Amino acid sequence: MGRPEQGSVSYVSDEHRRLTAVPTCDSMQMQQVTGGEVSCTERLTHEMRERGLRLTPQRSVILETVAHSSGHPTALDVFQLAQDRLPGLNLATVYRALEALQSAGLVDSIESGGGQMGFALRDADHPHHHLVCTTCGGEWTVGAETVAAFASSLRRRHGFRLNTDHVTLAGQCRSCAQASARRR
């Protein structure tokens with residue numbers, strides 16, 4: 001499959017799936033005042049409390065599941081992975097919890113090819129953005145500097161302030177665009 005333009009864009013996976021280098025709980029350790037590392041569960045619990053979320057076993061397990069997943073698991077993926085720890089869990093609870101976690105700024109969502117929504121732990125220290133091919137479903141990460149330049153251009157030209165917390169741009173990758181052009 002073709003790759004987007006060079007620069008701060010990196011390909012997410014050769015299987016055109018949502019598996020890759022996005023922040024996980026292991027890569028985002030919070031330091032205690034004493035300087036020691038805090039466990040993932042403690043850090044995520046702290047983050048939920050800081051944002052005023054009611055702590056429930058379901059929210060905790062769902063957030064930990066997203067945090068320990070590589071790539072962007074869908075709600076169904078999270079449900080299937082979390083069922084081992086919460087056998088009575090239902091899919092509606094997963095959707096509600098993911099919505100609450102997203103509203104609280106703990107997770108980001110990405111609409112991937114095929115209209116599926118994936119989720120990733122938000123890492124304010126290492127923001128990442130996405131390009132998604134609507135034809136093949138391929139995903140690429142885009143560095144914050146690329147999106148910042150785009151946002152700056154929009155602000156200068158149009159007076160528009162883009163929310164750059166988590167940006168997903170949909171379109172066609174080079175390979176799919178070339179294949180479409182050949183069919184015309």
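The values are calculated or read from the model by the stated rules, or taken from the named source; none is laboratory data. Keep in mind that this is a model prediction, so the values were computed, not measured. Counting neighbours? That spans all protein chains shown, and the Cβs are built from the backbone with ideal geometry, glycine included.
Given the structure, is Asp108 buried (at least 21 other Cβ atoms within 10 Å of the Cβ), at negative phi and of a type in the set (D, E, K, R)? Yes, satisfied. Every condition in (1) touching a residue at least 60 places away in the same chain (Cβ under 8 Å); (2) more than 21 Å from Asp165 (Cα to Cα); (3) crowded, with 18+ Cβ neighbours inside 10 Å holds for Val61 except the one numbered (1).
Summed over region 134-170, the residues that are in contact (Cβ under 8 Å) with a residue 60 or more places away in the chain and touching a Gly at 6+ places or on another chain (Cβ under 6 Å) give a count of 1. Could you look through region 76-92, keep only residues that are surrounded by 12 or more Cβ atoms within 10 Å (Cβ to Cβ) and among the hydrophobic types (A, V, I, L, M, F, W, C), and pick out the one that is nearest to the chain's Cα centre (by Cα)? That would be Val78. In the set Asp123, Asp108, only one residue is acidic (Asp, Glu), closer than 19 Å to Leu44 by Cβ and at pLDDT 85 or above; that residue is Asp108. If you check Ala100, Ala104, Ala75 for being out of contact with any Pro (no Cβ under 9 Å at 6 or more places or on another chain) and more than 20 Å from His129 (Cα to Cα), only one passes: Ala100.
I need the full set of residues from region 122-161 which are exposed (fewer than 14 other Cβ atoms within 10 Å of the Cβ) and under 21 Å from Val107 (Cα atoms), in order please. Within region 122-161, Ala124, Asp125, His126, Glu145 qualify. Residue-level analysis places Phe160 among those that are farther than 24 Å from His46 by Cβ and of a type outside the set (Lys, Arg). All of Ser180, Ser103 fail the test of being more than 30 Å from Arg54 (Cα to Cα) and out of contact with any His (no Cβ under 8 Å at 6 or more places or on another chain), apart from Ser180. Do we have any residue at all in region 19-36 that's in a helix (DSSP H, G or I), modelled with pLDDT of 80 or more and under 26 Å from Ala148 (Cβ atoms)? No, region 19-36 contains no residue that is in a helix (DSSP H, G or I), modelled with pLDDT of 80 or more and under 26 Å from Ala148 (Cβ atoms).
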